[in-house]
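The values are calculated or read from the model by the stated rules, or taken from the named source; none is laboratory data. Not measured: the values here are computed from a predicted model. FYI the Cβ positions are ideal-geometry reconstructions off the backbone, even for glycines, and counts take in every protein chain you see.
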Amino acid sequence: MSVQASRDLATAFGTASNRRGRYFSFKRLGTPVVIVLVLLALLGWLSSLTLDSIELRTLNWTYVGERTAEHLKLTVIASAIIALIAIPAGIILSRVNSKAVHVVVFSIANIGQSTPAIGLVILLAIMWETGFKVALIGLVAYSVLPVLRNTLVGLQQIDPSLTESARGMGMTPLQVLFRIELPLAVPVIIAGLRTALVFCVGVATVATFINAGGLGDMIVNGLKLQRWPVLITGAVVVSCIALAIDWLAGLAEDFIKPKGI
Amino acid sequence: MPPLLPSAALQPQGDSVSEQSTHPAAGARIILKDITKVYPGQQAPAVESFSMDIAPGELIMFVGPSGCGKTTTMKMINRIIEPSSGSITIDGEDVLSLNPNELRRRIGYVIQQIGLFPHMTIAENIAIVPKLLGWSKKRTHDRVEELLAVVELDPKMFASRYPRQLSGGQQQRVGVARALAADPPVMLMDEPFGATDPITREKLQSEFLRLQEKLSKTIVFVTHDFDEAVRMGDRIAVLSERSQIEQFDTPANILANPANAYVSQFVGRGAALKRLGLIPVTQADLGPAVASRGILDVRVGDSLRNALDSLVLSGGSPVAVLGHDGRAVGSIDIERIAAALGGDVLPESLAGARP
């Protein structure tokens with residue numbers, strides 16, 4: 001038997017990868033390096049300019065820091081709300097066999113996403129009020145779909161023989177969900193969350209139109225006052241945040257993803 | 001190639017299998033009575049009044065074409081599929097009145113797709129039912145090590161691996177170990193070796209028979225492979241549409257006396273050859289000893305099928321039968337083999353095998 005075992009082992013070893021190595025690979029280092037280089041270039045360019053009083057009002061550490069904080073706050077809170085709504089909704093949806101229910105839910109989620117974000121946010125503001133809360137609702141409505149869809153798909157793509165053997169061993173339906181189905185769906189669900197996060201960073205720029213702050217302030221002001229350094233700084237910082245969040249989410253994905261799959 | 005032998009009793013004892021530290025729970029009696037399954041929206045029942053009495057420790061094979069309801073019938077025993085009517089008892093206990101989850105923890109379940117959980121290590125996979133039953137860490141750990149040894153996988157090497165790092169045959173062994181984890185008296189096996197290559201399958205079959213000899217579980221084993229049924233089963237149920245039992249008997253009796261045309265068709269050609277595989281050479285009336293001729297010699301542990309194989313090569317002249325000590329104890333030829341099958345049954349079974 002030991003001969004057989006070691007022969008099987010030889011074939012098996014080919015697939016065993018050194019997982020640790022992947023977190024710190026060259027590819028992983030690329031994104032932060034690019035972000036840092038771009039920000040340094042921006043800083044260098046700005047310090048070579050002579051800024052007028054209007055530009056100086058926005059292009060200082062305090063102002064940019066505050067707008068960035070607002071932007072991140074919107075993004076992170078919106079994503080957390082999305083996770084809290086869309087993941088349970090996706091789980092419930094995966095237990096519902098009715099095609100009609102699926103169609104209705106996805107139509108609603110689709111409307112949220114296919115309506116232009118700026119229109120959605122402004123409509124909400126007209127109907128209700130301006131400010132942070134409404135901006136948050138707009139963001140959630142806009143970005144809920146990827147998480148909802150990925151949760152459902154993540155659960156549906158699980159090999160039925162796995163859930164059958166889990167049931168056959170005497171797991172209760174909840175045990176099957178929490179011990180087997182959700183861990184196996186985690187990579188797909190996190191990919192959805194990652195998409196939602198990046199959506200949120202982009203869409204949070206329109207929060208400025210309803211007085212909810214964020215880096216959109218810099219972009220719009222720069223545009224209105226024709227101060228290109230302000231506009232460019234706002235745009236570059238938003239892009240860098242999007243890249244950084246995507247990078248962090250990617251790291252989180254690899255850490256949370258169960259081993260063995 | 002190991003000889004095709006009917007029961008584990010004829011296999012050499014496997015000394016590599018470690019001694020069980022606990023006494024395994026022997027099998028339970030399963031009685032199925034008038035089990036019927038009608039799927040909603042379907043006119044014809046998938047299984048119609050199926051009754052069977054399975055003795056403790058028996059390995060029962062359900063054989064039939066795909067779609068005949070054999071898997072449905074098996075899955076009603078652990079209520080993966082709920083019967084529409086009828087009763088099932090395991091050791092006198094009414095299965096249908098038990099909590100299905102608790103019931104399933106006492107029934108080992110092995111499926112063709114194996115269903116090892118890819119995000120759990122081999123040890124975690126095997127420990128699932130013990131954990132559900134609330135065993136202590138130490139007891140679970142010891143049991144996992146013991147079972148890995150039983151299915152001939154080195155615990156040190158395999159316990160912390162993930163399923164995808166194992167070959168198909170190794171995965172199926174883990175599947176068997178996992179089903180045995182809480183030492184259930186009953187095992188349900190749905191084409192467990194169906195997805196493996198022929199060589200691995202044969203190895204797994206003989207390993208499993210050797211294991212079953214020690215464990216004496218009551219096993220319902222579903223297969224569409226009649227040869228597998230002949231090789232492994234204590235009794236075979238040949239099933240047709242709606243899981244109707246066409247014949248329920250020992251492999252030897254089904255091969256010798258197929259109950260009807262359906263069974264003969266299922267047995268297929270070569271029934272006599274398959275029967276020879278079930279009969280040890282010592283059961284034939286051996287002739288006087290002849291001189292040994294190397295590879296043509298037959299050993300006392302071999303089957304009559306092996307003897308026939310040698311006779312084909314010898315051109316029909318009697319070949320020597322060697323005892324355990326390597327000395328000739330007799331000889332065998334075609335007539336003696338035919339006599340062992342019983343002259344009166346042979347023509348009938350051959351006639352039955354012809355389409």
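Only one entry in B:259, B:237 is of a type outside the set (Phe, Trp, Tyr), in contact with a strand residue (DSSP E or B) (Cβ under 8 Å, 6 or more places away or on another chain) and surrounded by fewer than 17 Cβ atoms within 10 Å (Cβ to Cβ), namely B:259.
Identify, please: which residue in segment B:79-116 is within 7 Å of chain A (Cβ to nearest Cβ) and assigned to a loop (DSSP other than H, G, I, E, B) and is, among those, nearest to residue A:162 (Cα to Cα)? In this case the residue turns out to be B:115. When segment A:106-138 is filtered for residues that are of a type in the set (Ser, Thr, Tyr) and either part of a loop (DSSP other than H, G, I, E, B) or surrounded by 14 or more Cβ atoms within 10 Å (Cβ to Cβ) (or both), the ones remaining, listed by number, are A:115, A:130. Of the residues that make up segment B:303-322, is at least one of a type in the set (Ser, Thr, Tyr), within 20 Å of the chain's Cα centre (by Cα) and either closer than 27 Å to residue B:205 by Cα or not in a helix (DSSP H, G or I) (or both)? Yes, there is a match, as at least one residue in segment B:303-322 is of a type in the set (Ser, Thr, Tyr), within 20 Å of the chain's Cα centre (by Cα) and either closer than 27 Å to residue B:205 by Cα or not in a helix (DSSP H, G or I) (or both). Among the residues of segment B:117-159, those identified as assigned to a loop (DSSP other than H, G, I, E, B) and within 10 Å of chain A (Cβ to nearest Cβ) are B:117, B:118, B:119, B:120, B:121, B:133, B:151, B:152, B:153, B:154.
Kindly indicate whether any position in segment A:211-224 is more than 18 Å from residue A:66 (Cα to Cα) and assigned to a helix (DSSP H, G or I). Scanning segment A:211-224, I find at least one residue that is more than 18 Å from residue A:66 (Cα to Cα) and assigned to a helix (DSSP H, G or I), so the answer is yes. Quick one: would you say residue A:199 is away from every other protein chain (no Cβ under 14 Å) and among the aromatic types (Phe, Trp, Tyr)? Yes: the conditions hold for residue A:199. Total residues in segment B:160-174 satisfying the condition of being more than 8 Å from chain A (Cβ to nearest Cβ) and in a helix (DSSP H, G or I): the figure is 5. Go through the residues of segment A:219-227 one by one and say whether even a single one is surrounded by 22 or more Cβ atoms within 10 Å (Cβ to Cβ) and touching a Lys or Arg at 6+ places or on another chain (Cβ under 9 Å). Looking for residues that are surrounded by 22 or more Cβ atoms within 10 Å (Cβ to Cβ) and touching a Lys or Arg at 6+ places or on another chain (Cβ under 9 Å), one finds none in segment A:219-227, hence no. Against the conditions (1) in a loop (DSSP other than H, G, I, E, B); (2) farther than 30 Å from residue B:114 by Cα; (3) of a type in the set (Gly, Ala, Ser), residue A:170 satisfies every one except (2). Among the candidates B:191, B:213, the residue that is out of contact with any strand residue (DSSP E or B) (no Cβ under 8 Å at 6 or more places or on another chain) and touching a residue at least 60 places away in the same chain (Cβ under 8 Å) is uniquely B:213. Summed over segment B:252-294, the residues that are aliphatic (A, V, I, L, M) and closer than 26 Å to residue B:327 by Cβ give a count of 8. Determine if segment B:207-223 includes at least one residue that is crowded, with 20+ Cβ neighbours inside 10 Å, in a strand (DSSP E or B) and charged (D, E, K, R). No, that holds for no residue.
On the stretch given as segment A:180-207, residues that are crowded, with 24+ Cβ neighbours inside 10 Å, of a type in the set (Gly, Ala, Ser) and over 28 Å from residue A:220 (Cβ atoms) total 2. Can you say whether residue A:15 is part of a loop (DSSP other than H, G, I, E, B), over 28 Å from the mean Cα position of the chain (by Cα), away from chain B (no Cβ under 14 Å) and modelled with pLDDT under 80, as far as the supplied structure shows? So residue A:15 fails the test. Here A:168, A:154 are screened, and the one residue that is of a type in the set (Gly, Ala, Ser), within 30 Å of residue B:172 (Cβ to Cβ), within 14 Å of chain B (Cβ to nearest Cβ) and touching a strand residue (DSSP E or B) at 6+ places or on another chain (Cβ under 6 Å) is A:168.
For segment A:59-81, check the following and say yes or no: at least one residue is surrounded by 15 or more Cβ atoms within 10 Å (Cβ to Cβ), over 24 Å from residue A:219 (Cβ atoms) and out of contact with any helix residue (DSSP H, G or I) (no Cβ under 6 Å at 6 or more places or on another chain). So far as segment A:59-81 goes, no, none of its residues is surrounded by 15 or more Cβ atoms within 10 Å (Cβ to Cβ), over 24 Å from residue A:219 (Cβ atoms) and out of contact with any helix residue (DSSP H, G or I) (no Cβ under 6 Å at 6 or more places or on another chain). I'd like the full set of residues that are farther than 21 Å from residue B:188 by Cβ and either over 17 Å from the mean Cα position of the chain (by Cα) or in contact (Cβ under 8 Å) with a residue 24 or more places away in the chain (or both), limited to segment B:244-253. Selection gives B:246, B:247, B:252.
Put simply, of B:247, B:265 the only residue that is surrounded by fewer than 16 Cβ atoms within 10 Å (Cβ to Cβ) and outside any loop (DSSP other than H, G, I, E, B) is B:265. For segment B:141-167, a residue qualifies if it is surrounded by fewer than 21 Cβ atoms within 10 Å (Cβ to Cβ) and among the hydroxyl-bearing types (Ser, Thr, Tyr), and the qualifying residues are B:160, B:167. With respect to (1) assigned to a helix (DSSP H, G or I); (2) aliphatic (A, V, I, L, M); (3) within 30 Å of residue B:133 (Cβ to Cβ), the lone exception for residue A:203 is condition (3). Counting only residues that are outside any helix (DSSP H, G or I) and either within 26 Å of residue B:252 (Cβ to Cβ) or among the polar types (S, T, N, Q) (or both), segment B:281-302 holds 11 of them. Residue A:49 satisfies every condition listed in (1) exposed (fewer than 13 other Cβ atoms within 10 Å of the Cβ); (2) under 27 Å from residue A:200 (Cα atoms); (3) touching a helix residue (DSSP H, G or I) at 6+ places or on another chain (Cβ under 9 Å) except (2). Would you be able to say whether some residue in segment B:233-243 is out of contact with any helix residue (DSSP H, G or I) (no Cβ under 8 Å at 6 or more places or on another chain), free of Cβ contacts under 8 Å to residues at least 12 places away in the same chain and more than 14 Å from chain A (Cβ to nearest Cβ)? No, the conditions are met nowhere in segment B:233-243. Checking the structure you have, find out if any residue of segment B:184-202 is within 12 Å of chain A (Cβ to nearest Cβ), surrounded by fewer than 20 Cβ atoms within 10 Å (Cβ to Cβ), assigned to a helix (DSSP H, G or I) and at pLDDT below 90. Scanning segment B:184-202, I find at least one residue that is within 12 Å of chain A (Cβ to nearest Cβ), surrounded by fewer than 20 Cβ atoms within 10 Å (Cβ to Cβ), assigned to a helix (DSSP H, G or I) and at pLDDT below 90, so the answer is yes. Every condition in (1) of a type in the set (A, V, I, L, M); (2) assigned to a helix (DSSP H, G or I); (3) out of contact with any Pro (no Cβ under 7 Å at 6 or more places or on another chain) holds for residue B:230 except the one numbered (3). Of all residues in segment B:119-165, those satisfying the criterion of being touching a helix residue (DSSP H, G or I) at 6+ places or on another chain (Cβ under 8 Å) and of a type in the set (S, T, N, Q) are B:125, B:140, B:160, B:165.
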